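The values are calculated or read from the model by the stated rules, or taken from the named source; none is laboratory data. Keep in mind the model is a prediction, meaning the values are calculated, not measured. Every residue, glycine among them, receives a Cβ derived from its backbone with ideal geometry; neighbour counts consider all protein chains shown. Accessible surface is based on the protein model in full, side chains and every heavy atom, while ligands, DNA and RNA are left aside. Shrake-Rupley method; radii C 1.70, N 1.55, O 1.52, S 1.80 Å.
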Amino acid sequence: MSRTSFFSDMLQTITDRGRRFLSLGPAREGEADAVDKMEALCETLLSSRGEASGMALAKNILDRWQSFDPQQRRDFMMVLLSRFGPDSERLEQAIDAYRAEPNPRALLELSVAAEPRRQELIRRLNLAPNGIATLVRMREDLIKLKAENPDLTAVDADFAHLFGSWFNRGFLVLRPINWSTPANILEKIIRYEAVHHIGGWDELRLRLAPEDRRCFAFFHPQLVDDPLIFVEVALTREMPSNIAGLLTEDRAPIRAADATMAVFYSISNCQEGLRGISFGNFLIKQVVEDLRREFPRLDSFATLSPVPGFAEWLSRERRAEVSDALSAADRSKLAALDEPEWADQPELLASIQPTMTAAAAWYFLRARDRNGKVVDPVARFHLGNGARLERINFLADRSARAMRQAHGLMVNYLYKLDDIETNHETFATRGQVVAAPAIRRLVPAHKGPRSLVPVPGVLPPDVQSGGAPKKRGSKEFTS
């Protein structure tokens, strides 16, 4: 028996004994006062001192939550907001004491008094067997509810604060995913894939079984069979310019030992409830270390990445009365994008390609949102990790999703190990995009950035990710 299994069984035994002691029962369907009872159970849990009874209470609360309908879940979140905030009286006293004498002891009391009671409640709920998995699912619902009721941002902030500690890099385990990985995990890889859809077991085998393919995932000790994030890697001799060459069934594999480049072509965050908890940067760094250990000949690391906001941005620039990015001639040429089959007409492609490539260069180098940040979420991720924008690939992904989001455009980011720290500092401190000279030449240096409205629905990759709407996980990539 594994150590994790033994520990889980022990917790379940303690919980069962506490349940018998408290005579707790599950929620009954249709209970009119179900949310009120939940509130009372939460108050009892916060005042509980017994370990067995506390675990039993926590499990009962989480079981009841899972039986709630959408309206009950919304009502319970509002209860957490209104009834489980800071103790107002204690907080006011702590504020007065600190103002009177701002010493370390008063500051500590102020800090403790300002913490919402729901943070301690969430900590105690986490004691239940499989509690952390249920809490992650709970936050999935909370994120949706927050969009309808912004006041719930305060509750979400408490979940995110605690998750940031519980899912700290020090707790995560990197595991290779291959064709011998248990089927229940492989099924989740298929379901969670957020960038390039996996149509079934045969397609998954093409990504895992060949000698020149690798996949790695982060796991949490309390979610041993559920990946948090995973990356798919192609071992190659050159930087790829389109996704078909990596995924096609009739491609010619190479010996892994002959590879000189590792290409990250898909990174997928798996848990929507962990949106905003960053794993991707740690994942890439760890995978680079592991690959270099296994293949000393690898001297280059790159991505083949989607550009999820480009089509929306380009559409706005084409409609704008005045555009710094597009001239009248550019707009005239790009009008061909409105034709349904433009990508299958060679004469149109010859006209569109230079204009679209130049527009994409502007999009990366000059376009900024209201906060002065690079518009593209994937670019922010890789540039922030120290990569260089290396190449723009026209019509590199002809899948329906890529055509809709980016007119088929993809880009390569290059991780040159000797330059990563310098590139990161350049981007982080000056907001400057480090790009290959060929890309920089496409944008006149005398023209500055134009402030743009962020693309609706496009989120940074540490907030994001999951595949199609039917899948669980983040909706905008990561690679």
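The set of residues in region 356-385 being assigned to a loop (DSSP other than H, G, I, E, B), farther than 19 Å from Ser327 by Cβ and not small (Gly, Ala, Ser) consists of Asp369, Arg370, Asn371, Lys373, Val375, Asp376, Asn385. For region 114-136, a residue qualifies if it is open to solvent by 60 Å² or more (accessible area, probe 1.4 Å) and either within 16 Å of Arg74 (Cα to Cα) or at pLDDT below 95 (or both), and the qualifying residues are Leu127, Asn130. Do we have Ser315 as surrounded by 14 or more Cβ atoms within 10 Å (Cβ to Cβ), farther than 27 Å from Val434 by Cβ and without any contact (Cβ under 8 Å) to a residue 60 or more places away in the chain here? Judged against the criteria, Ser315 is a match.
What tally of residues in region 177-193 results from selecting those that are out of contact with any Pro (no Cβ under 9 Å at 6 or more places or on another chain) and either closer than 30 Å to Arg74 by Cβ or in contact (Cβ under 8 Å) with a residue 60 or more places away in the chain (or both)? Adding up the residues that qualify gives 2. Of all residues in region 386-409, those that are of a type outside the set (A, V, I, L, M, F, W, C) and either assigned to a helix (DSSP H, G or I) or in contact with a Lys or Arg (Cβ under 7 Å, 6 or more places away or on another chain) (or both) total 5.
Just one of the listed residues (Asp324, Asp344, Asp418, Asp338) is charged (D, E, K, R) and either open to solvent by less than 60 Å² (accessible area, probe 1.4 Å) or within 24 Å of Asn281 (Cβ to Cβ) (or both), and it is Asp418. One residue stands out among those in region 150-165 that are free of Cβ contacts under 8 Å to residues at least 40 places away in the same chain and more than 17 Å from the chain's Cα centre (by Cα): the one that is surrounded by the most Cβ atoms within 10 Å (Cβ to Cβ), which is Thr153. The residues of region 348-381 that are under 21 Å from Ala328 (Cβ atoms), of a type outside the set (A, V, I, L, M) and open to solvent by 50 Å² or more (accessible area, probe 1.4 Å), listed by number, are Gln353, Pro354.
The one condition from (1) open to solvent by 60 Å² or more (accessible area, probe 1.4 Å); (2) closer than 17 Å to Thr357 by Cβ; (3) in contact with a Ser or Thr (Cβ under 6 Å, 6 or more places away or on another chain) that Arg391 does not meet is (3).
Per-residue answers, yes or no, for (1) open to solvent by 10 Å² or more (accessible area, probe 1.4 Å); (2) touching a helix residue (DSSP H, G or I) at 6+ places or on another chain (Cβ under 6 Å); (3) assigned to a helix (DSSP H, G or I):
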| residue | (1), (2), (3) |
| --- | --- |
| Leu204 | no, yes, yes |
| Arg214 | yes, no, no |
| Ala234 | no, yes, no |
| Glu238 | yes, no, no |
| Asn242 | yes, no, no |
| Gly245 | yes, no, yes |
| Arg251 | yes, no, no |
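For region 144-158, the set of residues classified as aliphatic (A, V, I, L, M), farther than 12 Å from Leu81 by Cα and out of contact with any helix residue (DSSP H, G or I) (no Cβ under 7 Å at 6 or more places or on another chain) consists of Ala147 only. Considering Ser268, Ser323, which residue is among the polar types (S, T, N, Q), outside any loop (DSSP other than H, G, I, E, B) and within 28 Å of Ala361 (Cα to Cα)? Exactly one of Ser268, Ser323 is among the polar types (S, T, N, Q), outside any loop (DSSP other than H, G, I, E, B) and within 28 Å of Ala361 (Cα to Cα), namely Ser268. Candidates are the residues of region 266-301 that are in contact with an Asp or Glu (Cβ under 6 Å, 6 or more places away or on another chain) and of a type in the set (Ser, Thr, Tyr); the one that is surrounded by the fewest Cβ atoms within 10 Å (Cβ to Cβ) is Ser278. Each residue in region 192-202 was checked for being of a type in the set (D, E, K, R) and open to solvent by 90 Å² or more (accessible area, probe 1.4 Å), and 1 pass. Only one of the listed residues (Ile122, Ile132) is within 18 Å of Ser47 (Cβ to Cβ) and under 28 Å from the mean Cα position of the chain (by Cα). That residue is Ile122.
The helices (runs of 4 or more DSSP H) located wholly in region 65-153 that include 2 or more residues which are under 15 Å from Glu39 (Cα atoms) occupy 70-83, 117-125. Against the test of being at pLDDT below 95 and either more than 21 Å from Phe167 (Cβ to Cβ) or out of contact with any helix residue (DSSP H, G or I) (no Cβ under 7 Å at 6 or more places or on another chain) (or both), the options Ser53, Ser82 yield a single qualifying residue, Ser53.
Residues that are in a helix (DSSP H, G or I), surrounded by fewer than 16 Cβ atoms within 10 Å (Cβ to Cβ) and modelled with pLDDT under 95 do not occur anywhere in region 222-231.
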